[in-house]
Amino acid sequence: MSTTLVKNGTVITASDRYDADVYIDKGVITHIGQGLSMPADTVVDASGKLVMPGGIDVHTHLDMPFGGTTSADDFESGTIAAAHGGTTTLIDFAIQNFGEGLYPGFEAWMKRAEGKAVIDYGFHMIVRELTDQVSGDMDKMVRHDGVTSFKLFMAYPGVFQVDDATIFKALTKTRDNGGLICMHAENGGVIDTLVAEALRKGQTAPKYHALTRPPRAEAEATGRAVALAEMAGVPIYIVHLSCSAALEKIRQARDMGLPAYAETCPQYLFLSLEDMGNGFEGAKYVCSPPLRPADHQEDLWRGLVRDDLQTVGTDHCPFDFVGQKELGRGDFRKIPNGLPGVEERVDLMFQGVVNDRYTKERWVEITSTSAARIFGLAGVKGVIAPGADADIVIYDPERKHVLSAETHHMNVDYSCYEGMEIQGHSDIVLSRGSVIVEDGEWKGQSGAGKFLKREVAREYLK
Ligand code: URP
Ligand code: ZN
Ligand code: ZN
């Protein structure tokens with residue numbers, strides 16, 4: 001294992017900015033200081049650039065069977081795309097099979113990633129049934145396997161949805177074992193009724209996917225999830241929060257001092273219901289929760305500034321328009337739910353800096369450091385500090401580029417942001433000290449990504 005010296009950059013972390021050199025030995029940051037002169041196998045010149053912790057995306061669905069097909073990026077193409085976009089850690093979702101404990105699903109996802117992932121990764125476990133065996137498996141996973149978070153769904157009846165008793169039992173479990181429940185908060189019963197009504201009226205176009213999942217259905221479920229967590233006396237993390245009314249539930253909970261955490265996604269900040277149009281092209285934007293009218297966006301940006309929202313994940317769940325999204329022509333229920341975005345997240349969120357919404361420090365916090373703290377990777381990922389993994393991005397805050405399916409690295413035939421010009425892009429990306437992307441050129445190695453056994457994050461989740 002070699003040594004690397006990153007020279008002359010401006011280090012940006014969630015709490016600091018200063019000019020310094022960073023020395024890396026065996027994949028770990030060992031020294032930070034001005035004018036470091038130790039010999040190094042590789043010297044990286046970061047003059048005029050930001051030196052920041054690699055991005056952490058805690059919400060991806062790679063190689064996931066869903067909606068009658070499988071998401072288009074596997075652990076190789078999806079992690080390569082993430083790396084090109086300055087993300088060096090993913091936490092993906094493994095799925096419990098009905099009628100089984102958690103381990104067969106977990107092992108299946110470990111196999112999907114092995115030999116393919118190019119950056120480090122962990123798993124949350126999706127729980128679909130909470131039997132006594134599953135309950136025991138939750139404890140075991142937290143204590144022995146480093147799987148310290150579990151996703152439950154309040155929507156998708158018959159596929160993922162669980163009832164309030166199950167949610168409450170799962171939350172209570174985490175009181176004992178220190179794990180964290182991540183919630184997909186939409187009221188599945190209400191949505192299914194609205195969907196049936198729409199179809200009776202012949203409303204089958206993609207935009208009706210969005211119109212049958214109203215903000216109130218998300219806000220109600222968010223409030224209920226927070227209330228259940230309060231009764232269980234544990235923290236809760238709401239995934240992919242999309243709208244003002246749901247954010248208001250989180251804000252109220254946090255103002256009361258409850259440990260309620262929430263993530264939003266770039267699509268809810270940059271895209272809106274209007275992008276879905278009236279025709280089938282709108283299928284490109286079908287995801288759950290759906291895109292909202294544009295007037296929700298300002299509230300979400302404000303939520304990030306005020307720390308009512310702590311993280312930005314992508315919910316990257318790509319399906320080709322041709323052959324996959326097309327499964328839902330004539331019936332929006334059959335459009336596979338999900339959007340691509342793992343590659344654009346760090347750059348899109350840098351627009352919050354460009355547009356003076358928040359500082360560079362806050363940008364690092366919402367794209368990296370908070371995720372590490374909440375999901376048990378603090379001190380290892382999401383920081384530039386001695387002892388931390390050298391997952392480092394040398395970022396050019398001035399570099400402009402245009403987002404397009406022609407140039408992106410995701411294995412999907414469209415971009416949600418086609419033609420959008422943005423400012424800021426990573427020049428060099430290091431994963432545990434190795435340069436894996438340099439000036440847009442791929443230099444990493446398939447299978448070099450390591451499975452991360454995560455800790456419980458009790459001390460942060462207060
Ligand atoms: O539309 C979405 N969000 N697809 C992925 C599954 C989920 O609920 O996160
Ligand atoms: Zn979800
Ligand atoms: Zn998701």
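The values are calculated or read from the model by the stated rules, or taken from the named source; none is laboratory data. Note that the structure is predicted; figures quoted are calculated from it, not measured. Neighbour counts run over all protein chains shown; Cβ positions are idealised from the backbone, glycine included. Calculation scope for accessible area: heavy atoms of the full protein, side chains included, ligands and nucleic acids excluded. Shrake-Rupley method; radii C 1.70, N 1.55, O 1.52, S 1.80 Å.
Summary table below
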{"quantity": "Two-decimal log10 I(q)/I(0) for segment 152-310, as the Debye equation yields it once each C-alpha is a single scatterer, q = 0.08, 0.10, 0.16, 0.19 Å⁻¹", "calculated": "-0.23, -0.36, -0.88, -1.16"}
{"quantity": "Convex hull projection area averaged over all views, segment 1-93, Cα basis, nm²", "calculated": "7.5 nm²"}
{"quantity": "Packing-based ranking, highest mean first, of 19-28, 425-434, 158-167, 334-343 given that Cβ atoms within 10 Å are counted", "calculated": "334-343, 425-434, 19-28, 158-167"}
{"quantity": "Kirkwood-type radius of segment 1-160, with distances r between different C-alpha atoms, in Å", "calculated": "18.3 Å"}
{"quantity": "Relative contact order (%) - the chain, alpha-carbon pairs under 8 angstrom, separation at least six", "calculated": "22 percent"}
{"quantity": "Rounded to 10°, Cα long-axis angle of helix 164-177 versus longest principal axis of the chain", "calculated": "30 degrees"}
{"quantity": "15 Å beta-carbon shell around residue 99, net charge (K/R +1, D/E -1)", "calculated": "-3"}
{"quantity": "Å² per residue, accessible surface of segment 1-159 at 1.4 Å", "calculated": "34 Å²"}
{"quantity": "Using distinct alpha-carbon pairs, which all enter the 1/r mean, Kirkwood radius of segment 45-118 in Å", "calculated": "13.8 Å"}
{"quantity": "Computed log₁₀ I(q)/I(0) - Debye formula, equal Cα scatterers, no solvent, segment 263-324, q 0.20 Å⁻¹", "calculated": "-0.80"}
{"quantity": "Linear extension gain, residue 140 paired with residue 28, 0.36 nm per residue minus alpha-carbon span", "calculated": "37.4 nm"}
{"quantity": "Tail weight of P(r) past 15 Å, computed on alpha-carbon pairs of segment 122-191, percent", "calculated": "48 percent"}
{"quantity": "Rounded to whole Å, sorted largest first: equivalent-ellipsoid semi-axes of the chain, Cα gyration tensor", "calculated": "34, 25, 21"}
{"quantity": "With eigenvalues of the C-alpha gyration tensor scaled by 5 and rooted, segment 93-134, Å", "calculated": "23, 9, 6"}
{"quantity": "Ratio Rg/Rh [Cα only; Rh per Kirkwood] for segment 79-209", "calculated": "1.05"}
{"quantity": "Other-chain or far-sequence residues with amide H under 5 Å of residue 151's (modelled H)", "calculated": "125, 126, 127, 182"}
{"quantity": "Pairs of lysine residues in segment 307-428 - Cα separation under 30 Å, sequence separation of 8 or more or cross-chain", "calculated": "4"}
{"quantity": "Cα pair distances of segment 298-337 binned at 5 Å [whole percent]", "calculated": "6, 20, 16, 11, 9, 11, 17, 9, 1"}
{"quantity": "Among the listed pairs 151/462; 151/443; 169/462; 111/140, those beyond 22 Å (Cα-Cα)", "calculated": "151/443"}
{"quantity": "About the Cα centre, charge dipole magnitude for segment 173-290 (Lys/Arg +1, Asp/Glu -1 at Cβ), debye", "calculated": "140 debye"}
{"quantity": "Extreme residue, positive dipole direction of the chain, given options 276, 8, 250 (C-beta unit charges)", "calculated": "250"}
{"quantity": "Relative contact order for segment 83-132, counting Cα pairs under 8 Å that sit 6 or more residues apart, in percent", "calculated": "50 percent"}
{"quantity": "Residue-normalised accessible area of segment 356-401, given per residue in Å² at a 1.4 Å probe", "calculated": "31 Å²"}
{"quantity": "Share of carbon and sulfur in the accessible heavy-atom surface of the chain [1.4 Å probe, %]", "calculated": "47 percent"}
{"quantity": "Dimensionless Rg ratio for segment 312-462, taking C-alpha atoms and the 2.2 N^0.38 Å reference", "calculated": "1.18"}
{"quantity": "Globularity ratio of segment 381-455, using Cα Rg and 2.2 N^0.38 Å", "calculated": "1.30"}
{"quantity": "Karplus 3J(HN,Hα) series, Hz, for segment 188-201 with 6.51 cos²θ - 1.76 cosθ + 1.60 (x for Gly, Pro)", "calculated": "x, x, 4, 4, 4, 5, 5, 5, 4, 4, 4, 5, 4, 8"}
{"quantity": "Crossing angle, helix 103-113 versus the chain [Cα axis fit, 0-90 degrees, rounded to tens]", "calculated": "50 degrees"}
{"quantity": "For residue 462, net neighbour charge (Lys/Arg +1, Asp/Glu -1) across residues whose Cβ lies under 13 Å away", "calculated": "+2"}
{"quantity": "In degrees, nearest ten, helix 215-232 long axis to first principal axis of the chain (Cα)", "calculated": "80 degrees"}
{"quantity": "Inter-label distance, nm, simple model (7 Å from Cα along the C-beta direction), residue 255/residue 306", "calculated": "0.7 nm"}
